[in-house]
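S.K.: Questions regarding the structure given below will be posed in turn.
Please treat every number below as a calculation from the coordinates, not as lab data. Note that the structure is a prediction, hence the values are computed from the model and not measured. Here Cβ is always computed from backbone atoms with ideal geometry, including for glycine, and neighbour counts include all displayed protein chains.
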């Protein structure tokens, strides 16, 4: 996500872009299985005129994220982006 923002001229370094992930774990055949992951991104200090570009980057990043691509068939992934 940070690289996609930087490519659009949006500074994501120095703690400006943070994320928090939460997973939902279920028991299947007495084994814990992660079924869903939600990632909340927070972008601080993004100029108002760059927010549309940041939202576009966010909407496309999962399809280019190596982790998301690796687990998408087994785990439902959702994300949100907020601005501060």
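S.K.: Which of 30, 64 has the fewest other C-beta atoms within 10 Å, and how do the rest follow up to the most?
M.R.: Neighbour counts put them in this order, fewest first: 30, 64.
S.K.: Separate question: Between segment 11-47 and segment 60-84, what is the C-alpha centre distance in whole Å?
M.R.: 9 Å
S.K.: Same structure, new question: Which of the following values of Rg and Dmax of the Cα atoms in Å was calculated from the structure shown: (i) 14.7, 51; (ii) 13.2, 46; (iii) 12.3, 37?
M.R.: Here Rg and Dmax of the Cα atoms in Å agrees with entry (i).
S.K.: Separate question: Calculate the spin-label point distance for residue 21 paired with residue 70, positioning each point 7 Å from the Cα along the beta-carbon direction, and give it in nanometres.
M.R.: Distance between label points: 0.9 nm.
S.K.: Per-residue ellipticity at 222 nm for the chain, helices alone: DSSP H runs ≥ 4 residues times -39500 (n - 2.57), over residue total, nearest 500 deg cm²/dmol?
M.R.: -7000 deg cm²/dmol
S.K.: Using r as the Cβ-Cβ distance of residue 78 and residue 52, and R0 as 22 Å, what FRET efficiency do you calculate, to the nearest 0.05? Intermediate results must be reported in sequence, preceding the final value.
M.R.: Numbers: r = 21 Å, r/R0 = 0.95.
For R0 = 22 Å, the calculated efficiency reads 0.55.
S.K.: Just the number, please: percent antiparallel of the DSSP beta bridges in the chain, rounded to the nearest 5.
M.R.: 60 percent
S.K.: Work out how much length residue 30 to residue 44 would gain on full extension: take 0.36 nm times their residue separation and subtract the Cα-Cα distance, in nm to one decimal.
M.R.: The span from residue 30 to residue 44 would gain 0.9 nm if fully extended.
S.K.: Using Cα pairs closer than 8 Å and at least 6 residues apart in sequence, work out the relative contact order for the chain, in percent.
M.R.: 35 percent
S.K.: May I ask you to derive the FRET efficiency for residue 60 and residue 13 from their Cβ-Cβ distance with R0 = 30 Å, giving the value to the nearest 0.05? Spell out each step's value before the answer.
M.R.: Working: r = 20 Å, r/R0 = 0.68.
Rounded to the nearest 0.05, the efficiency is 0.90.
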